[in-house]
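Working notes for the structure below.
The values are calculated or read from the model by the stated rules, or taken from the named source; none is laboratory data. All figures in this text were calculated on a predicted structure; none of them were measured in a lab. Note: ideal-geometry Cβ built from the backbone for every residue, glycine included; neighbour counts use all protein chains shown. Ligands, DNA and RNA are stripped out before the accessible areas are found, and what is left, the full protein with its side chains, is counted by its heavy atoms. Shrake-Rupley method; radii C 1.70, N 1.55, O 1.52, S 1.80 Å.
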Amino acid sequence: MPDFVAALITAAAFCAGLILLNVLTRWAIQAQIAPADLAENGLLQYGLAIALAGFIWRRALATPPVPGGRVRTRVAG
């Protein structure tokens, strides 16, 4: 997969993850199952969204295995 497409997928995963985590944080605060100090757009949300984006980035750039067990080299460009 070209690096540009992988970067777009990663950015979309980061944004979607951050939005989802903000929704879950708001819900947890309203349901009073989270501490009041848990803020929206806090370090926890950004950290988890970055971790998700990093996982997606590694998966998007992974080269599929070649039948026969030979190793395929990745060529830039």
Within region 1-25, the residues that are among the aliphatic types (A, V, I, L, M) and within 13 Å of residue 54 (Cα to Cα) are 6, 7, 8, 9, 11, 12, 13
Pairs needed: first member in region 4-24, in a helix (DSSP H, G or I); second member anywhere, of a type in the set (Val, Ile, Thr) and open to solvent by less than 70 Å² (accessible area, probe 1.4 Å); C-beta distance under 7 Å; at least 6 residues apart or different chains. 9/56; 10/56; 13/56
Mind counting the residues in region 21-52 that are of a type in the set (A, V, I, L, M), farther than 25 Å from residue 10 by Cβ and open to solvent by 90 Å² or more (accessible area, probe 1.4 Å)? 2
A careful count of residues in region 53-77 that are surrounded by 10 or more Cβ atoms within 10 Å (Cβ to Cβ) and either at pLDDT below 70 or in contact with a strand residue (DSSP E or B) (Cβ under 8 Å, 6 or more places away or on another chain) (or both) gives 2
